[in-house]
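Only one structure is covered here, and it is reproduced in the block below.
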Amino acid sequence: MVLLLDLECYDWRVEKKALVRATEETIASRIPPRKAIRDGAPLESPHILLLANDKDRIFIEKIGNLVHQTLPVYDGDFMLGGGHITGWAVKGNDIEIELENSLKTLYKNGSEIGGSTLLFAVGDGNHSLATAKAVWEEQKSLGITDSPARYALVEIVNIFDEGLTFEPIHRVVFGANSDNLKDFLSDRLNGKLEAVSDFSELEKKVHSSVADFGIALKNISGNLNFFVLHTNIKDLAVVHLQKALDSFVKDKNENSENKISMDYIHGSDEVKRLSSLENTIGILLPPIAKDSFFTTIQKTGSLPRKSFSMGEADEKRFYLECRKLFSN
């Protein structure tokens, strides 16, 4: 569903507990160059994706079933094999009543202890949304109480939509003692190590879990070894792993001349390739658990950097809808 979001309901700062929140850390230095583009622009055509925590499918899917009974607003093919798209207008008294009732239910389900509520979480385009917020805040400072800049064009998707896939972003550590890192992670994450025969078995076991990690490393003899680190983590596993890795890298770099570094890798094949190199340890992350996504955001405030990717690069949506923003 594409709609306008009132920026008064959004804030990327964790402590604000806003109705609409960022899922990953927002880097403030990225906002000014984006702000220079948005401020004064006649049109906006962003790709800001908000996630709804709607396991019962009472919002997007229910409204979609109703609007599909009407004629579409647009219907056509994209270029270069990009697929087909059809869009319907969400309007009419009955549909608007259902829309309001659905939002009320999602609001109630997102209520937290202390009086705050998490309605939507930003899945993609958070810096674009943070930029829109900065432009609106500047407008308010000039005494403007209402304008098109108060709103941002966003797309809302149900996190439980089968078409929305969350791909884990794996980690690779360079320059660390493999046994030290393996044992450190096992101890810090209160896990149990299981040796497996090859990378295929490692990948299969990790993929079938939401709380286990795969570790690929070379031993002293130069042979590749593979271990599954079984844990009892209940929320998103990446949160706990990143804290442990950050702690390990910081401690080793402060107490050794041999510096350790870490990179973020898309795709298990690349992790396998890098793990075959000297002084390189590959860490496979499990699939993202959709059931615990919103509860983790509510608990931790935001996820670590490079926590997940939504879909593959060729599945990204076309920048289709736009609206008038500033008049010349």
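The values are calculated or read from the model by the stated rules, or taken from the named source; none is laboratory data. Given the structure is predicted, the values throughout are model-derived calculations rather than measurements. Every residue, glycine as well, gets a Cβ built from its backbone with ideal geometry; the counts of neighbours run over all protein chains shown. We work out accessible area using only protein heavy atoms, side chains counted, and drop any ligands, DNA or RNA first. Shrake-Rupley method; radii C 1.70, N 1.55, O 1.52, S 1.80 Å.
Report note on the peptides 28-41, 265-278, 125-138: ranked by the mean count of other C-beta atoms within 10 Å, highest first, their order is 125-138, 265-278, 28-41.
Seen against the Cα atoms of the chain and their longest principal axis, helix 93-109 is set at about 40 degrees. Over all pairs of different C-alpha atoms, the chain has a mean inverse distance whose reciprocal, the Kirkwood radius, equals 22.2 Å.
Phi angles across segment 273-282 convert, under the Karplus curve 6.51 cos²θ - 1.76 cosθ + 1.60 with θ = phi - 60°, into 3J(HN,Hα) values of 4, 5, 5, 7, 7, 5, 6, 10, 10, x Hz, Gly and Pro given as x.
Just from its helices, what would the mean residue ellipticity at 222 nm be for the chain, if runs of 4 or more DSSP H residues each count -39500 (n - 2.57) and the sum is divided by every residue, rounded to the nearest 500 deg cm²/dmol?
Details: 9 runs with 103 residues, N = 328.
Mean residue ellipticity, 222 nm, calculated: -9500 deg cm²/dmol.
Once the Cα atoms are used to define both axes, helix 237-254 deviates from the longest principal axis of the chain by about 50 degrees. Cα centroid separation, segment 221-280 to segment 69-112: 42 Å. With respect to the chain, whose longest principal axis is taken over its alpha-carbon atoms, helix 178-188 is tilted by about 60°.
In this model, which of K16/K104; K272/K306; K140/K306; K55/K104; K17/K252 are farther than 26 Å apart at the alpha-carbon? In this structure, K140/K306; K17/K252 lie more than 26 Å apart at Cα. Gyration tensor over the Cα atoms of segment 1-108: the corresponding equivalent ellipsoid has semi-axes (square roots of 5 times the eigenvalues, largest first) of 28, 22, 13 Å. The residues of the chain present an accessible area of 53 Å² per residue when probed at 1.4 Å with all protein chains retained. Overall, the anisotropy analysis places segment 70-177 in the rounded class: the square-rooted eigenvalues a ≥ b ≥ c of its C-alpha gyration tensor yield a/c less than 1.5.
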